[in-house]
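Presented below is the structure to which this report refers.
The values are calculated or read from the model by the stated rules, or taken from the named source; none is laboratory data. In this text, all values refer to a predicted model and were calculated from it rather than measured experimentally. All Cβ positions, glycine included, derive from the backbone under ideal geometry; neighbour counts span all protein chains shown.
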Amino acid sequence: MKSTIPVIIAFLSGLAMVAAFILSPGKFGDVGGELLRWVSIIAGFTLLLGVISIVRVNIRPVMRREKGWYNKLALLLAVAATGIPAVLPVSWSPMLGTGDNSIYDWLFNNMNAPMMSTMFAMLAFYIASAAFRAFRARNTEATMLLVTAVIVMLWRVPMGESLFASIHPDLPQGINNYVMGGINIAVQRRIIIGSAMEAATMGLRIMLGIERTYMGGSSK
Amino acid sequence: MNFARRFALTFFLTLILSASAMAQDNQAPVDEGWFRSYRFNAIVLIVVFSAAITYYTNRAKRGEKLFIRKLAGLDAVEEAVGRATEMGRPVLFIPGINEIDVMDTIAGLSILGRVAKITARYETPLHVPVRYPMVLAAAQEVVQQAYIEEGKGDAQDRDAVQYVAGEQMAFTATVNGYMMRERPAANIFMGAFYAESLLLAETGNAAGSIQIAGTAQPEQLPFFIAACDYTLMGEELFAASAYLSHEPIMLGGLKGQDWMKVLIIAAIITGTLITTFSTDVEWLNKLFEVR
Amino acid sequence: MSIWEKIGNVDRRWIYLAVALTVIFPVIFPLKLPMNVTPEARQLYDAIEALPDSCVVMLTFDYYASATAETRPVSIAALHHLFRKNIKVVTMTTIPLGGPSMASEVTRLMAKEYGKTYGVDYVNLGYKANYTAVLLGMGTSIEGIYPTDQYGTHLAELPLMQRVKNYEDISFIFIVADNGIVDNWISIVNAQFNKPMGAGVTAVMAPKFYSYLQANQMIGLLGGMKGAAEYEMLVNKPSMAVSGMNSQSLVHLLIIGFVVLGNVAFFAARRRKGTSE
């Protein structure tokens, strides 16, 4: 029963979404839209799960003064400092809530956003070290990949574009057409089609109850 | 019935049924009758697709042996966990950074179940940071079930699966910090990844971990291929569940969908030839248009 | 260990240092690099240029704060173009963390420059959960999805929203995004409601959307900071993206240099090992 009921729910929900896609809205109502709204509501409740998990996992090392406890204390204080002013009513003070000029807004714009940008910027360093380490012409395919990567890297910057244009005026557009608009599209489409087919198969397997590992069961 | 006859029958049946969609008024969707007539071609595709999957699943159930090619990345999972056990270091598993309603995440959780069984068997510490609370709930259930099935329910670390942060870069920073402090012997990234893919993989490489990644996001594959030891590309991620279990029913589904790919290839070739040699291709656009 | 093996195994921190210096150098000593405009950027510019004055364009802020270096210049250049043409702008976002703040901040900044009035010339709808329902729902009624704007004002009280009820009243959708939401815009809005749209995305995502361009499901594409720089040049407002291209050019050349050096070291070490054996 414990595993049968979720499978039945999965089947009926999947069937409802497929039916909503196929059947006229007048005949079936807005079942699809309604189910999507239910998902939003459930997702809202599960946010609480996340907060409980963070607090539970981090408060014990702080209380026991385990290794690195001060980092976990900083985390808990950050959760409190961001979360508590955000959920308090704006009527108490204009600095509460999540609107413009609130504490939440200030923390986001002056701490969160710069930190997020910094993390993203690290990609530049990491791609340089990954390229140095991994881009080796070990075989024919790797060499072709390497040459294409160098061509595209040059093409994407003004300096490189000018270099190509000095070789032949139509060369930059040729790279755009044949590399980006040719080989690139073919590969992207292949991956997208393959992944979409597999995702659809997985969806069908979940609907039919064959695939159950996502809910802790073994597949049938 | 041999391959050629089966293929021809399916292809032309699909074409004939879809051609009836052109008889419908595809200019403006009109809600008449029970079905959305302007989606008839999609309905046909759904029917053919489901029939192919079901047909081969039934053949697999009847005992027919189905071939699946080697996936080096998945063969390396047990080896990676074994390495972690020998070194006395944990295994880090990330089931992607997207929500539970994304197929990539479900595929990742499927693989997590298998990995958790192996770590339960060898009593290797497992760490699973997640980005969404719903994924947390599902992953906890998956890991718990895996440990129970291995008879190691008591050995399970309740905090193995942790909700880390809801924000992408905060999640990445936390996981990177964990990798540099704990130095897991094996990192397994299976699911949907975005900008943080290289940040995670390169940090794992710096920490000296063996890394196995799998994602269906085409733009992230180059980063994983550059920084990881093994990479599953696109549909290989979704096939992992079938591959690891080797259950005939799952393999049957794979074969059915391979058939659909053959149909798509035939449609692409046919469409290319028609577009190249014909001046009027509006009917072809209408045939494949889905609204 | 031979010199080539040492080079091949160089500590990655030297690489990081080289990248840092290469990024900083053109900031201190700016370069004047010629900029060519790709057909994709030109296509998007022409599509906006062809729109009649006073029509309505939906501008999306579907990016996180982490990607602002690539996407914020696109949003700003887009608003330069739209406000200059007197086009009315409705903004929305599918990013809960920071999306509404960024939309608010950027539109306020640009509205001040062009003397635009909130509620008359532009409206910020903000964020609503469940993007599938939002994208689908706006096809029927925007007010059904957003009863109020992001500041809590009822849409009925905003003059611009008196005439913008759903996608029928919107001439073009300009998506600025750093994630896969563009796929949903194409598959839901373009496919089902036939709305013309163009996108400014991060460089990593851009190759994926060339197939949409080829299939005419998208009109124009700006990829990364280069795309943003091209658009800035087209609207004649060179700014952050154009100046950022200096650093990007040099770093690309540096990475190519690293790749070549790595391969030379790899082959030299392999040859040396073969000779000694």
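Give region B:240-278 a look and list any residue that's of a type in the set (Gly, Ala, Ser) and surrounded by fewer than 19 Cβ atoms within 10 Å (Cβ to Cβ), or say none. So that I can check it myself, show each step before the final result.
Here is the first cut: in region B:240-278, the ones of a type in the set (Gly, Ala, Ser) are B:240-242, B:245, B:252-253, B:256, B:266-267, B:271, B:278.
Within region B:240-278, B:Ser245, B:Ala266, B:Ala267, B:Gly271, B:Ser278 qualify.
Testing C:Ile188 on (1) assigned to a helix (DSSP H, G or I); (2) closer than 30 Å to A:Gly97 by Cβ; (3) touching a residue at least 12 places away in the same chain (Cβ under 8 Å), one condition comes back false. Which one is that?
Among (1) assigned to a helix (DSSP H, G or I); (2) closer than 30 Å to A:Gly97 by Cβ; (3) touching a residue at least 12 places away in the same chain (Cβ under 8 Å), the lone unmet condition for C:Ile188 is (2).
For B:Ile118, work out the one condition from (1) closer than 21 Å to B:Ser245 by Cα; (2) in contact with a strand residue (DSSP E or B) (Cβ under 7 Å, 6 or more places away or on another chain) it doesn't fulfil.
Of the numbered conditions (1) closer than 21 Å to B:Ser245 by Cα; (2) in contact with a strand residue (DSSP E or B) (Cβ under 7 Å, 6 or more places away or on another chain), the odd one out for B:Ile118 is (2).
Would you mind finding the one in A:Leu146, A:Leu107, A:Leu73 that is surrounded by 14 or more Cβ atoms within 10 Å (Cβ to Cβ) and under 25 Å from the mean Cα position of the chain (by Cα)? Don't jump to the end; show me each part of the working.
On the way: A:Leu146 fails: under 25 Å from the mean Cα position of the chain (by Cα); A:Leu73 fails: under 25 Å from the mean Cα position of the chain (by Cα).
Just a single option satisfies the conditions, and that option is A:Leu107.
For the condition of a type in the set (S, T, N, Q) and over 21 Å from C:Tyr127 (Cβ atoms), what is the one hit in A:Ser117, A:Ser93? So that I can check it myself, show each step before the final result.
Working: A:Ser117 fails: over 21 Å from C:Tyr127 (Cβ atoms).
Being of a type in the set (S, T, N, Q) and over 21 Å from C:Tyr127 (Cβ atoms) holds for just one of A:Ser117, A:Ser93, which is A:Ser93.
How many residues are free of Cβ contacts under 8 Å to residues at least 24 places away in the same chain, in a loop (DSSP other than H, G, I, E, B) and at the interface with another protein chain (Cβ under 9 Å from one of its Cβ atoms) if we restrict to region A:164-210?
1
Condition test on C:Met218, is it within 14 Å of chain A (Cβ to nearest Cβ), buried (at least 18 other Cβ atoms within 10 Å of the Cβ) and outside any helix (DSSP H, G or I)? Outline the logic, then answer.
Working: within 14 Å of chain A (Cβ to nearest Cβ): yes; buried (at least 18 other Cβ atoms within 10 Å of the Cβ): yes; outside any helix (DSSP H, G or I): yes.
For C:Met218, the condition - within 14 Å of chain A (Cβ to nearest Cβ), buried (at least 18 other Cβ atoms within 10 Å of the Cβ) and outside any helix (DSSP H, G or I) - is met.
Can you pull out the residues in region C:80-112 that are within 13 Å of another protein chain (Cβ to nearest Cβ) and in contact with a Gly (Cβ under 7 Å, 6 or more places away or on another chain)?
Of everything in region C:80-112, just one residue is within 13 Å of another protein chain (Cβ to nearest Cβ) and in contact with a Gly (Cβ under 7 Å, 6 or more places away or on another chain), namely C:Pro100.
Just one of (1) surrounded by 14 or more Cβ atoms within 10 Å (Cβ to Cβ); (2) more than 7 Å from chain C (Cβ to nearest Cβ); (3) within 30 Å of C:Gly126 (Cβ to Cβ) trips up A:Ala130, so point out which.
Unmet condition: (3).
Is there a residue in region A:11-19 that is over 29 Å from C:Ser141 (Cβ atoms) and either in a helix (DSSP H, G or I) or more than 11 Å from chain B (Cβ to nearest Cβ) (or both)?
The answer is yes, given that some residue of region A:11-19 is over 29 Å from C:Ser141 (Cβ atoms) and either in a helix (DSSP H, G or I) or more than 11 Å from chain B (Cβ to nearest Cβ) (or both).
Report yes if A:Thr82 is over 24 Å from A:Met111 (Cβ atoms), touching a helix residue (DSSP H, G or I) at 6+ places or on another chain (Cβ under 6 Å), part of a helix (DSSP H, G or I) and of a type in the set (Ser, Thr, Tyr), otherwise no. Give the derivation first.
Details: over 24 Å from A:Met111 (Cβ atoms): no; touching a helix residue (DSSP H, G or I) at 6+ places or on another chain (Cβ under 6 Å): yes; part of a helix (DSSP H, G or I): yes; of a type in the set (Ser, Thr, Tyr): yes.
The answer is no for A:Thr82.
Which of the numbered conditions does B:Glu123 fail, given that it passes all the others? Conditions: (1) in contact with a strand residue (DSSP E or B) (Cβ under 6 Å, 6 or more places away or on another chain); (2) at pLDDT 90 or above; (3) away from every other protein chain (no Cβ under 14 Å).
(1) is the only condition that B:Glu123 fails.
Taking C:Val259, is it outside any strand (DSSP E or B) and β-branched (Val, Ile, Thr)? Show your work before the answer.
Values: outside any strand (DSSP E or B): yes; β-branched (Val, Ile, Thr): yes.
Here the answer is yes, as C:Val259 does meet what is asked.
Which of the residues spanning region B:183-197 are within 11 Å of another protein chain (Cβ to nearest Cβ) and surrounded by fewer than 24 Cβ atoms within 10 Å (Cβ to Cβ)? Step through it out loud before you land on a result.
The initial filter retains those residues of region B:183-197 that are within 11 Å of another protein chain (Cβ to nearest Cβ), namely B:192, B:194-197.
Within region B:183-197, B:Ala192, B:Tyr194 qualify.
Just to be sure before I move on: is C:Pro159 within 28 Å of A:Leu123 (Cα to Cα) and free of Cβ contacts under 8 Å to residues at least 60 places away in the same chain in the structure I sent?
Numbers: within 28 Å of A:Leu123 (Cα to Cα): no; free of Cβ contacts under 8 Å to residues at least 60 places away in the same chain: yes.
No: the conditions fail for C:Pro159.
Considering region C:169-181 alone, what residues qualify as being modelled with pLDDT of 95 or more and part of a helix (DSSP H, G or I)?
C:Asp169
Hey, can you tell me all the residues within region B:221-239 that are surrounded by fewer than 23 Cβ atoms within 10 Å (Cβ to Cβ) and more than 10 Å from chain A (Cβ to nearest Cβ)?
Within region B:221-239, B:Asp229, B:Tyr230 qualify.
Here's a check for you: in region C:133-186, which residue that is of a type outside the set (Asp, Glu), within 14 Å of chain A (Cβ to nearest Cβ) and under 28 Å from C:Met225 (Cα atoms) is farthest from the chain's Cα centre (by Cα)? Reasoning before the result, please.
Pass one, region C:133-186, residues of a type outside the set (Asp, Glu): C:133-142, C:144-148, C:150-156, C:158-167, C:170-177, C:179-182, C:184-186.
The next check asks that each one be within 14 Å of chain A (Cβ to nearest Cβ); those that pass are C:133-141, C:144-145, C:148, C:150-153, C:179-180, C:182, C:184, C:186.
If we keep only those that are under 28 Å from C:Met225 (Cα atoms) as well, we get C:135, C:179-180, C:182, C:184, C:186.
Working: C:Leu135: 19, C:Asn179: 10, C:Gly180: 12, C:Val182: 11, C:Asn184: 16, C:Ile186: 16 Å.
Looking at the filtered set, the residue picked out is C:Leu135.
Applying the selection to region C:230-249, what residues are more than 8 Å from chain A (Cβ to nearest Cβ) and among the aliphatic types (A, V, I, L, M)?
Filtering region C:230-249 for residues more than 8 Å from chain A (Cβ to nearest Cβ) gives C:230-244, C:246-247.
Hits for region C:230-249 are C:Met233, C:Leu234, C:Val235, C:Met240, C:Ala241, C:Val242.
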